[in-house]
Amino acid sequence: MRKHYFQITSILLLILSLIAFSDNLITDVEQESNSDPKFIIHGLLMFAWFIIFVVQTNFIRKGDYKTHMKWGIAGTIVAFGVFLSTVYVFIAVYKDWGAMPYFVKANRFFMLSFAVLVVLGYLYRQNAIKHKRFIYMASLLILEPILSRVTENLHIENVEAFIAIVWNGLFISLFVYDWITLKRIHKISWMGFVWFYIVWIISILA
């Protein structure tokens, strides 16, 4: 688990992304969003983020730290693109805060959190323990649109239960990894989890 945890979880996140957008890629390529530049660009950047995440964890698994650092520049640029494209989509689709569903409100908080965590990951790139947790936490917090689309494409009826199980399961797996490798739950891990629930409470009550 010490060596393969982030490789496995990064692949899992990429697989979830592929399932989430399988209709755009395979089963319903004529849908309107496939001809809308803002959605195309956003989707490509999101895929690029998760692909780079897989590639980066593989470099670390193999001990190729120099290449990992070089790819980190590309990852930072892609993350910036993900943030900007998501903000643009939010502005283009949702005009009024009060009219947004609670999960869209949550995603706005999570996308800002994603940006902050990626910046922290870059600033702490020389500290492996913090760096990888910042980047992984950034990836975890932006999963709602992916998990929601997975339930649609796999025709899962109990949507909220599925999302809760998968999302919480990923956080819990990080806690287990922390305990095995550090004999404690790292503060980035538990603070990210607490923030995760704070955002949901704010979004539901706002």
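The values are calculated or read from the model by the stated rules, or taken from the named source; none is laboratory data. Nothing here was measured: the structure is a model prediction, and the numbers come from that model. Heads up, the Cβs are rebuilt from the backbone with ideal geometry, glycines too, and the neighbour counts pull from every protein chain shown.
Has the range 180-203 got at least one residue that is in contact with a Ser or Thr (Cβ under 6 Å, 6 or more places away or on another chain) and not aliphatic (A, V, I, L, M)? Give the derivation first.
Step one: filter the range 180-203 for residues in contact with a Ser or Thr (Cβ under 6 Å, 6 or more places away or on another chain), giving none.
Among the residues of the range 180-203, not one is in contact with a Ser or Thr (Cβ under 6 Å, 6 or more places away or on another chain) and not aliphatic (A, V, I, L, M), which makes the answer no.
Taking residue 177, is it touching a Phe, Trp or Tyr at 6+ places or on another chain (Cβ under 6 Å) and either of a type outside the set (Gly, Ala, Ser) or surrounded by fewer than 18 Cβ atoms within 10 Å (Cβ to Cβ) (or both)? Reasoning before the result, please.
On the way: touching a Phe, Trp or Tyr at 6+ places or on another chain (Cβ under 6 Å): yes; either of a type outside the set (Gly, Ala, Ser) or surrounded by fewer than 18 Cβ atoms within 10 Å (Cβ to Cβ) (or both): yes.
Judged against the criteria, residue 177 is a match.
I'm trying to understand the selection: among the residues of the range 82-129, which are among the polar types (S, T, N, Q) and in contact with a helix residue (DSSP H, G or I) (Cβ under 8 Å, 6 or more places away or on another chain)? Before the answer, list the steps.
From the range 82-129, those among the polar types (S, T, N, Q) are 85-86, 107, 113, 126-127; that's our starting set.
Within the range 82-129, 85, 86, 107, 113 meet the criteria.
Checking the condition free of Cβ contacts under 8 Å to residues at least 12 places away in the same chain, part of a helix (DSSP H, G or I), farther than 18 Å from residue 133 by Cα and among the hydroxyl-bearing types (Ser, Thr, Tyr), which residue from 86, 67 passes? Walk me through how you get there before you give the answer.
On the way: 86 fails: free of Cβ contacts under 8 Å to residues at least 12 places away in the same chain.
None of the other options fit; the residue is 67.
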| Under 6 Å by Cβ, and 6 or more places apart or on different chains, what pairs join a residue from the range 110-131 that is modelled with pLDDT of 95 or more with one that is not in a helix (DSSP H, G or I)? | 110/142; 114/142; 130/124; 131/124; 131/125
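For the subset of the range 182-204 comprising residues that are part of a helix (DSSP H, G or I) and not hydrophobic (A, V, I, L, M, F, W, C), which member is nearest to the chain's Cα centre (by Cα)? So that I can check it myself, show each step before the final result.
At the first step, the residues of the range 182-204 found to be part of a helix (DSSP H, G or I) are 182, 187-204.
So of that shortlist, the ones also not hydrophobic (A, V, I, L, M, F, W, C) come out as 187, 189, 192, 197, 203.
On the way: 187: 19, 189: 14, 192: 13, 197: 16, 203: 18 Å.
If we take residues in the range 182-204 being part of a helix (DSSP H, G or I) and not hydrophobic (A, V, I, L, M, F, W, C), then 192 is nearest to the chain's Cα centre (by Cα).
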| said: If I go through the range 14-42 residue by residue, how many of them are under 18 Å from residue 76 (Cα atoms) and either aliphatic (A, V, I, L, M) or at pLDDT 85 or above (or both)? | reply: 2
| request: Name the single residue, out of those in the range 153-172 being touching a residue at least 12 places away in the same chain (Cβ under 8 Å) and more than 30 Å from residue 68 (Cβ to Cβ), that is surrounded by the fewest Cβ atoms within 10 Å (Cβ to Cβ). | output: 154
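From the list 146, 142, 156, 135, exactly one residue is more than 12 Å from the chain's Cα centre (by Cα) and among the β-branched types (Val, Ile, Thr). Which is it? Lay out the reasoning, then the answer.
On the way: 146 fails: more than 12 Å from the chain's Cα centre (by Cα); 142 fails: more than 12 Å from the chain's Cα centre (by Cα); 135 fails: more than 12 Å from the chain's Cα centre (by Cα).
On inspection, the qualifying residue turns out to be 156.
Given the criterion surrounded by fewer than 18 Cβ atoms within 10 Å (Cβ to Cβ) and on the phi < 0 side of the Ramachandran plot, identify the matching residue among 143, 123.
Numbers: 143 fails: surrounded by fewer than 18 Cβ atoms within 10 Å (Cβ to Cβ).
Among 143, 123, only 123 is surrounded by fewer than 18 Cβ atoms within 10 Å (Cβ to Cβ) and on the phi < 0 side of the Ramachandran plot.
Condition check: free of Cβ contacts under 8 Å to residues at least 60 places away in the same chain, β-branched (Val, Ile, Thr), surrounded by 15 or more Cβ atoms within 10 Å (Cβ to Cβ) and within 22 Å of residue 202 (Cβ to Cβ). Does residue 54 satisfy that?
Values: free of Cβ contacts under 8 Å to residues at least 60 places away in the same chain: yes; β-branched (Val, Ile, Thr): yes; surrounded by 15 or more Cβ atoms within 10 Å (Cβ to Cβ): yes; within 22 Å of residue 202 (Cβ to Cβ): no.
No.
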| task | Give just the number: which of (1) buried (at least 18 other Cβ atoms within 10 Å of the Cβ); (2) under 20 Å from residue 9 (Cβ atoms); (3) not β-branched (Val, Ile, Thr) does residue 63 not satisfy? | result | (1)
| field | Qualifying position, being under 27 Å from residue 180 (Cβ atoms) and modelled with pLDDT under 90, among 2, 61 | value | 2
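Kindly provide the set of residues from the range 95-151 that are basic (Lys, Arg), outside any loop (DSSP other than H, G, I, E, B) and more than 17 Å from residue 170 (Cβ to Cβ), ordered by number.
Within the range 95-151, 105, 108, 130 qualify.
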| remark: For residue 87, the lone unmet condition from (1) surrounded by fewer than 14 Cβ atoms within 10 Å (Cβ to Cβ); (2) among the hydrophobic types (A, V, I, L, M, F, W, C); (3) more than 30 Å from residue 3 (Cα to Cα) is (1)
